Amino acid sequence: MSTATRLRLFCLPYSGASAMVYARWRRSLPEWLQVCPLELPGRGMRMDEPLQRDIKALAAQLADEICRDLSSPYALFGHSLGGLLAFELVHALNARNAPAPLALFASGTAGPACRDVSEYAVEKTDEHLIARLRELKGTAEEALANPELMALMLPILRADFLLCGSFSYGQRAPLEMPIHVFGGKQDSVRVDQLLDWQRDAASGFSLDMFDGHHFFITQHESAVLRCLRRYADEHLARWRNSVARQLAAG
């Protein structure tokens, strides 16, 4: 495939994480599916920037950064908080009349219409944050017991929880793109909560369940990426056919 027919996959990290969590995907996915992790302020290469605590403001900032070059096909992927942020990002891009993504992938996160974020609206103590990390089964005990590492990670996690707590659904029109939802069979996010994403899907919806807890995307990465690649391939093929028909119509 030529560069023009690549599908860029903008990936949004989960709470406490940086864009590096998606680095492995670049080695596992084909060249035509171009993984483009979005770094959030206050971590990784943007460590010098202040952490953001307002999800709409962050979505607006990211939209301004990426909407300058959306002439080629793209999709959005987000896990946990990243899925909710991806939802806000789509709406921010729509408000700027930017080209729409071919699809939205929301992983390990409840549908936005009915979700209750009140738990995250109040700033959490270090003890509560560590307990939550332990509950999610995505952080090694050695890391949780490392004071230096926790001193770096907990402020980011605390801000990200407040970021989630700032979400308000309000009045939203359904999204004019397919929404593909991934869930973990042993995750605390229930199937009915994942199915709530259907309320925002005007152009197709799917739900795929994988073995594993909240971080099933790491525990069963190969299965997740096979599924992701299949959907991406279908959407890119439809996009190419649509462009070919437009050219033929002159």
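Read the figures in this text as sums done on the coordinates, not as results from a lab. If you're wondering where the values come from, they're calculated on a predicted model, not measured in any experiment. Quick reminder, even Gly has a Cβ in these numbers, built from the backbone with ideal geometry, and neighbours come from all protein chains shown.
For the reader, a short list of remarks on this structure follows.
- Between 171, 193, 52, the residue with the greatest mean-square fluctuation in the GNM of the chain (Cα pairs under 10 Å linked by springs) is 171.
- Scaled radius of gyration (Cα, divided by 2.2 N^0.38 Å) that region 188-239 gives: 1.29
- Rounded, prolate or oblate (a/c below 1.5 giving rounded, otherwise prolate when a/b exceeds b/c) for region 169-212 by Cα gyration tensor: oblate
- Gaussian network model of the chain, Cα within-10 Å springs - most flexible of 90, 35, 122: 122
- Helix-only arithmetic for the chain: the sum of -39500 (n - 2.57) across DSSP H runs with n ≥ 4, divided by the residue total, places the mean residue ellipticity at 222 nm at -13000 deg cm²/dmol.
- Packing-based exposure ordering (other Cβ within 10 Å, fewest first) of 6, 158: 6, 158
- In region 1-132, the alpha-carbon atoms span a convex hull of 127 Å³ per residue.
- Whole-Hz Karplus values for region 214-225 come out as 4, 9, 4, 5, 9, 4, 10, 4, 4, 5, 4, 5 Hz, taken residue by residue from phi with 6.51 cos²θ - 1.76 cosθ + 1.60 and θ = phi - 60°; glycine and proline positions read x.
- Of (i) 0.94; (ii) 0.96; (iii) 1.05, the label for Rg/Rh (Cα atoms, Kirkwood Rh) derived from the coordinates: (ii)
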